[in-house]
Each structure stands twice: as C-alpha cells, then as structure tokens.
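Here's the structure, in structure tokens; my notes come after.
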Amino acid sequence: MAAQTRASADTDPLLAPGIHLSGEALMGLRHLARRGFGPGTRTLAGLPGGIVTRRRGRGSEPDDVRLWSEGDDRRHIDRNATARTGILHVRTHHDERDRAVVLLVDLRPSMLFGTKRALRSVAAAEALVLLGWRIVGDGGRVGLVALGAGEPVVVRPASGERAMTAVTGALALAHARALADGATQDPALTGGLTLAQSLLPSGGHLVIGSALDAPGDDFDHLLTVMAERLSIRLVLVSDAFERARPPGFYPFATPDGRRGTVQASRADKAPPSADARLVAYARRGIEGLRLDVEAGPEAYAPLMERLDAVL
C-alpha cells in the first residue's frame, strides 16, 4: 500500500502526503481525539491553566438509573426503581447544554501553501476534525462550511459518528476540488461567515480554521457583530516560513508542475505575527490559538482538547 501511495504521488503531485487530504485519515483521527475521553470523564473539561472543572448544568433529560452510592444527592433517588427492587437507586441526567458547532475551514488559494510537513489547509482540516470528534463524543452537534474559491461545501450540524462521516467526506472532497481548481485569487471570508451563521442557533459556536490572509474589508466588523450572538473561536494557522524567514533563495513548486525560485531578503517587511493577531482579536472577545503546520495531529490533539473545554 505504501509503495502504491508513493507511486501515485510520483505521477500526481496532488496525492503527495501533506497535500492530499484523505477522508479515511480524517476518520481515523477519532482515536487520537478520544484518548482519555471515556464515559467517566466525558463531562469533565480541562481549561487553560490546568484547571479541571465539571461543565455547568445537571440537565433535565434522564440518562440512566443506577444503584445509590455514598455522596449521591437524595433528591435524585428514583422512587419507582427503589420500590420495585427494595434497594436505593438514583437517576442521572444528561448535560443540559446542547452544543451546536460549525467548523469553518478555509480552503482558499492562499491556504494551499506549506513549507514543512503539510499545506496550511491540511493542518486546519486535521485540527478542526479532531475538535469535531471530541464534540460529537460529548453529545454535541457538528456542521461544516468548507470555503474555497468556488462554491462552498456545507454540512448542517448533526450528532454522532454519522455526522463526522459526512463532515470528513465533504471536507476531503472540497479540498480535492480546491487543489484542482487552479484559482489564484482569494474570495473574501465574509460570505463563509454569513453562511455559517445561518446554520447556527443563537448561542451556537463557530470555530474558524484559517491563516486569515485577505479576509475581506468587512471581515473584522462582521466577526465582531456575530460575536454578540455566537461564541466564536479562531484556530490561526501558521507556517514555519512565515514565523522565521531567513534571507536566501527558496525553490517552490505548484500543483500544475511549475517550478521556480523566490528570494527573501532582510529588507522584506515581516507580516503581523499570529500571536499579535490573536491578542488583537482577544481584546474584542474573540479567543483563539496558534496552530503550527509542522507540528502535526499528535500535537494538535491537546490544543483541541483545551479549545473544546471552553466551547
């Protein structure tokens, strides 16, 4: 299989590791996302700073009936089961929060770039899929807006493994289309924001995976307005070349086979760092984190665990 993959990558650069986004690989991330995420800890969440807390709300939907144990609240005693068996039983309940989350994955031309391990678009997809697996594992609903140069790909929020099957399949398809499209201009992100907002109820959650290149003139204003109705989080994708660009000549290749060299000099103006941009958004109540492309899913999993805790 590995030999076949290498052979395919030699004939079609779009199938090379780090460029091709496999739906099967995204489905496989569920095991990484759910490490240490069993039923006993499902309602526990690690917050930034190492604090562990139980999510607020006992809920009103019955979950299960079990034997009484020391420390249980007497108000939760199930009278029917107790009377029927002659042994104290208590009733448990679901978490009362119904989390609806839309993952907005940026697949525009500027995201189809990378210098180590993978394209920025691939890294964004991996991280948000890890988050999606955590959300459905905790009973939440997940949807998708995959925004490229053409028509966006949309999956409405739903729950369970079936929802993630739809999300991963749609994301892999949208990424393949973006690579094959050959477009060079980024459309504004505002259309994707509006579409994502239409999929969510008030109080829903929007998570954006993007480098935020050329987001559009109205992007910041629209994001601030939406933050009054939705919980918005940013996963700001950062390539190593953006963070440290030593002077020199750098070869490049494009999906259509074109090759060349670009020169970087000390006189080049450095773009705003991802960390500085995150600080600016945090001042407006929009929290986020930096995602380093070269790190990979193993490193993304604890980051998504922290992000899941505050959704």
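Hey, among 227, 244, which residue is touching a Gly at 6+ places or on another chain (Cβ under 6 Å), over 19 Å from residue 111 (Cβ atoms) and modelled with pLDDT under 95?
On the way: 244 fails: touching a Gly at 6+ places or on another chain (Cβ under 6 Å).
On inspection, the qualifying residue turns out to be 227.
Can residue 163 be described as aliphatic (A, V, I, L, M) and surrounded by fewer than 21 Cβ atoms within 10 Å (Cβ to Cβ)? Let's see the steps before the verdict.
Details: aliphatic (A, V, I, L, M): yes; surrounded by fewer than 21 Cβ atoms within 10 Å (Cβ to Cβ): no.
When the stated conditions are applied, residue 163 does not pass them.
Would a scan of segment 181-200 turn up a residue that is polar (S, T, N, Q), more than 28 Å from residue 305 (Cα to Cα), assigned to a loop (DSSP other than H, G, I, E, B) and assigned by TED's automatic domain parsing to the domain that holds residue 17? If you could, list the steps in order and put the result at the bottom.
Here is the first cut: in segment 181-200, the residues polar (S, T, N, Q) are 184-185, 190, 194, 197-198.
Now narrow it down to the ones that are more than 28 Å from residue 305 (Cα to Cα): 184-185.
The next check asks that each one be assigned to a loop (DSSP other than H, G, I, E, B); those that pass are 184-185.
Next, from what is left, pick out any that are assigned by TED's automatic domain parsing to the domain that holds residue 17: 184-185.
Scanning segment 181-200 turns up at least one residue that is polar (S, T, N, Q), more than 28 Å from residue 305 (Cα to Cα), assigned to a loop (DSSP other than H, G, I, E, B) and assigned by TED's automatic domain parsing to the domain that holds residue 17.
Looking at segment 135-160 only, could you name the residues that are among the charged types (D, E, K, R) and either touching a strand residue (DSSP E or B) at 6+ places or on another chain (Cβ under 9 Å) or surrounded by 24 or more Cβ atoms within 10 Å (Cβ to Cβ) (or both)? Break it down stepwise before answering.
Filtering segment 135-160 for residues among the charged types (D, E, K, R) gives 138, 141, 151, 156.
The answer is 138, 141, 156.
Please work out if residue 143 is of a type in the set (Gly, Ala, Ser) and assigned to a strand (DSSP E or B). Lay out the reasoning, then the answer.
On the way: of a type in the set (Gly, Ala, Ser): yes; assigned to a strand (DSSP E or B): yes.
Criteria met by residue 143.
Quickly run through segment 217-246 and pick out the residues that are crowded, with 17+ Cβ neighbours inside 10 Å and over 20 Å from residue 276 (Cβ atoms).
Hits for segment 217-246 are 222, 226, 230, 231.
Could you list all residues from segment 205-260 that are in contact with a Leu (Cβ under 7 Å, 6 or more places away or on another chain) and either charged (D, E, K, R) or not assigned by TED's automatic domain parsing to the domain that holds residue 130 (or both)?
Matches in segment 205-260: 233 only.
Evaluate the following for residue 124: is it outside any loop (DSSP other than H, G, I, E, B), within 19 Å of residue 300 (Cα to Cα), modelled with pLDDT of 85 or more and out of contact with any Phe, Trp or Tyr (no Cβ under 9 Å at 6 or more places or on another chain)?
yes
Would you mind stating whether residue 97 is modelled with pLDDT of 90 or more, basic (Lys, Arg) and assigned to a loop (DSSP other than H, G, I, E, B)?
Details: modelled with pLDDT of 90 or more: no; basic (Lys, Arg): yes; assigned to a loop (DSSP other than H, G, I, E, B): yes.
No; evaluated as a whole, the condition is false for this residue.
Within segment 223-241, which residues are over 18 Å from the mean Cα position of the chain (by Cα) and either part of a helix (DSSP H, G or I) or in contact (Cβ under 8 Å) with a residue 60 or more places away in the chain (or both)?
Matches in segment 223-241: 224, 225, 226, 240, 241.
Test residue 150 against the stated conditions and say whether it is over 17 Å from residue 27 (Cα atoms), assigned by TED's automatic domain parsing to the domain that holds residue 291 and in contact with a Lys or Arg (Cβ under 8 Å, 6 or more places away or on another chain).
Values: over 17 Å from residue 27 (Cα atoms): yes; assigned by TED's automatic domain parsing to the domain that holds residue 291: yes; in contact with a Lys or Arg (Cβ under 8 Å, 6 or more places away or on another chain): yes.
So residue 150 passes the test.
Yes or no: segment 290-307 includes at least one residue that is assigned to a loop (DSSP other than H, G, I, E, B) and at pLDDT below 95. Spell out the reasoning first.
Filtering segment 290-307 for residues assigned to a loop (DSSP other than H, G, I, E, B) gives 293-296.
Imposing the further condition that a residue be at pLDDT below 95 reduces the set to none.
The answer is no, given that none of the residues of segment 290-307 is assigned to a loop (DSSP other than H, G, I, E, B) and at pLDDT below 95.
What's the number of the condition residue 171 fails, among (1) surrounded by fewer than 19 Cβ atoms within 10 Å (Cβ to Cβ); (2) more than 23 Å from residue 224 (Cα to Cα)?
Condition (1) is where residue 171 drops out.
Return the residues of segment 201-220 that are over 21 Å from residue 310 (Cβ atoms), assigned to a loop (DSSP other than H, G, I, E, B) and of a type in the set (A, V, I, L, M, F, W, C); say none if nothing qualifies.
Of the residues in segment 201-220, the ones over 21 Å from residue 310 (Cβ atoms) are 211, 213-220.
Remaining after also requiring assigned to a loop (DSSP other than H, G, I, E, B): 211, 213-218.
Across segment 201-220, the qualifying residues are 211, 214.
Suppose the filter is among the aliphatic types (A, V, I, L, M) and either over 27 Å from the mean Cα position of the chain (by Cα) or at pLDDT 85 or above (or both); does residue 280 pass it? Working first, answer last.
Details: among the aliphatic types (A, V, I, L, M): yes; either over 27 Å from the mean Cα position of the chain (by Cα) or at pLDDT 85 or above (or both): yes.
Yes; evaluated as a whole, the condition is true for this residue.
Cβ-Cβ under 8 Å, sequence separation 6+ or interchain: first residue in segment 278-292 and among the hydrophobic types (A, V, I, L, M, F, W, C), partner in a loop (DSSP other than H, G, I, E, B) and surrounded by 12 or more Cβ atoms within 10 Å (Cβ to Cβ). Which pairs?
Note: pairs meeting the criteria are 286/227.
List the pairs whose first member sits in segment 117-142 and is in the same structural domain as residue 163 (by TED's automatic domain parsing), whose second member is part of a helix (DSSP H, G or I) and among the acidic types (Asp, Glu), and whose Cβ atoms are under 8 Å apart, counting only residues at least 6 apart or on separate chains?
Pairs that qualify, where the first residue is in the same structural domain as residue 163 (by TED's automatic domain parsing) and the partner is part of a helix (DSSP H, G or I) and among the acidic types (Asp, Glu), are 118/126; 131/308; 134/305; 134/308; 135/308; 136/161; 138/308.
Answer yes or no: is there a residue in segment 262-276 that is at pLDDT 85 or above and surrounded by fewer than 17 Cβ atoms within 10 Å (Cβ to Cβ).
The answer is yes, given that some residue of segment 262-276 is at pLDDT 85 or above and surrounded by fewer than 17 Cβ atoms within 10 Å (Cβ to Cβ).
The values are calculated or read from the model by the stated rules, or taken from the named source; none is laboratory data. These figures come from a predicted structure and were not determined experimentally. Virtual Cβ from ideal backbone geometry, glycine too; neighbours counted across all protein chains shown.
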